[in-house]
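Structure first, then comments.
The values are calculated or read from the model by the stated rules, or taken from the named source; none is laboratory data. These numbers come from a predicted model, not from an experiment. Neighbour counts run over all protein chains shown; Cβ positions are idealised from the backbone, glycine included.
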Amino acid sequence: MKKKIFYWSPCLNPVGTVKSTLNSAVSAVQYGSNFFDVTLINACGEWDEYLDYFKENHVKIINFKYKFFKYLPKHGYVQSRFSYIIIFLFCFFPLIKLIKSNKPEFFIAHLITSLPLTIMNLLKTDTKFILRISGMPKLNLIRKLFWKIVSKKLYRVTSPSIELMNKLIKINLFDQNKVHFLPDAIIDVKKFISKKNVEIKNFERFDKKRLIFAAGRLTKQKNFSYLIDEFSTFLKNNNEFILLILGDGEERNKLEKKIIEKKLQKNVYLIGHVENVFKYFKKGEVFVLSSLWEEVGFVMVEAALTNLFIISSNCPNGPTEFLLKGKQGILFENNKKGELSNSLIKYSNLKDINKHKLEIKKNTKQYTKFRHFLKLNNILTN
């Protein structure tokens, strides 16, 4: 008899965690269809645009969304916390009912994890709860106390980077035997080949330029304001380069103003949200990650897979780990003036660039859907 896996990842914004949840669920079906019956809980409409894709891949969907959720505030710390509280309250009883009636073997919580973990602590159930933690949250007194209370009943805790896994073990709130490294299921080889072969319309204006890419939601975390400042400095003696930033978000107006103030309209472009990054990345030569904090991240792995050289901030967890602590690519000190511009200069003077790109590309192997499934299966069943 197949074991039921339920995934819980409610969100109002298209954050990277949604992608990691989606790919994890699909990998469990693709490679474990004889063992697992996989269901995603559609709490906030986060899976609405993927319904056909899930149907095609035999992933089940359970809806108990409320239509007014889409009107909840999405931006700002206080506003988003208010939205999370509303989601918590309105989903509390439906989720209890769901777990009681369906009796899943495993329940994997990615976002707004306090809700399923609270229910886990209240219910007498045989369901095994798995908590995914990405990006080390602030360990305030409330979170420490909550994690300590739920830790005994938790079946497993997973982390998308080894560095974060070690931090979780070090804080001593979870049994270290329960904490596991589970790399995200980022790469689908077949999809990569098909997406990479798609051409971009009206891209001729960039054909003779050297392209630097950055990608992600336009938020404070991604630190694109710092990136633009540093690129402006680098550009003074390297005007053959163009910076293209893929993504959208609450800081768009602020970044547009900065581009105008620095007279960079012909050198820095905010492309907007892009579904297929590969068709852009294949046109470039460098990917820059300027985040204040980050896991390995989809875009970094996708950029490396597309043969881009990687320049990244040394922010905690993923990037430093992916680039082998600076043995590959270039790491710069996070948010320090002159660091990124000097890193770009260092790149422009590198020899054997293709050799460097190939070395970085090798690091993407552990982020395939198949590798993810092998580790997930081991975590669930051993």
Inset, instruction - Please enumerate the residues belonging to segment 332-362 that are at pLDDT below 90 and touching a helix residue (DSSP H, G or I) at 6+ places or on another chain (Cβ under 7 Å). - result: 335
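Suppose we keep only residues that are under 18 Å from residue 206 (Cβ atoms) and at pLDDT 95 or above within segment 247-264. Which one would you say is surrounded by the most Cβ atoms within 10 Å (Cβ to Cβ)? Even if it seems obvious, please write down each step before you answer.
Residues of segment 247-264 under 18 Å from residue 206 (Cβ atoms): 247, 259, 264.
If we keep only those that are at pLDDT 95 or above as well, we get 259, 264.
On the way: 259: 19, 264: 17.
The selected residue is 259.
Okay, residues lined up against (1) of a type in the set (Ser, Thr, Tyr); (2) in a loop (DSSP other than H, G, I, E, B); (3) crowded, with 17+ Cβ neighbours inside 10 Å:
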residue: 319; (1), (2), (3): no, no, yes
residue: 334; (1), (2), (3): no, yes, yes
residue: 343; (1), (2), (3): yes, no, yes
residue: 354; (1), (2), (3): no, no, no
residue: 358; (1), (2), (3): no, no, no
residue: 362; (1), (2), (3): no, no, no
residue: 365; (1), (2), (3): no, no, no
residue: 370; (1), (2), (3): no, no, no
Legend entry - segment 226-238 residues that are closer than 10 Å to residue 290 by Cβ, paired with ones that are among the small types (Gly, Ala, Ser) (beta carbon under 7 Å, 6 or more apart): 226/290; 227/214; 227/290; 230/341
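Look at residue 20 and say whether it is in a helix (DSSP H, G or I), among the polar types (S, T, N, Q) and surrounded by 17 or more Cβ atoms within 10 Å (Cβ to Cβ).
Numbers: in a helix (DSSP H, G or I): yes; among the polar types (S, T, N, Q): yes; surrounded by 17 or more Cβ atoms within 10 Å (Cβ to Cβ): yes.
Answer is yes for this residue.
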Legend entry - Criterion (within 18 Å of residue 343 (Cα to Cα), in a helix (DSSP H, G or I) and among the hydrophobic types (A, V, I, L, M, F, W, C)) met by exactly one of 227, 211, 244: 227
Inset, instruction - Give me the pairs, please: first residue somewhere in segment 83-103 and without any contact (Cβ under 8 Å) to a residue 40 or more places away in the chain, second residue anywhere and in a helix (DSSP H, G or I), beta-carbon distance under 6 Å, and either six or more positions apart or on two chains. - result: 88/115; 96/119
Inset, instruction - Check segment 45-55 and report whether any residue there is surrounded by 15 or more Cβ atoms within 10 Å (Cβ to Cβ) and closer than 18 Å to residue 379 by Cβ. - result: no
Inset, instruction - May I ask you to verify whether residue 83 is in the same structural domain as residue 7 (by TED's automatic domain parsing), under 27 Å from residue 382 (Cα atoms), of a type outside the set (Lys, Arg) and within 23 Å of the chain's Cα centre (by Cα)? - result: no
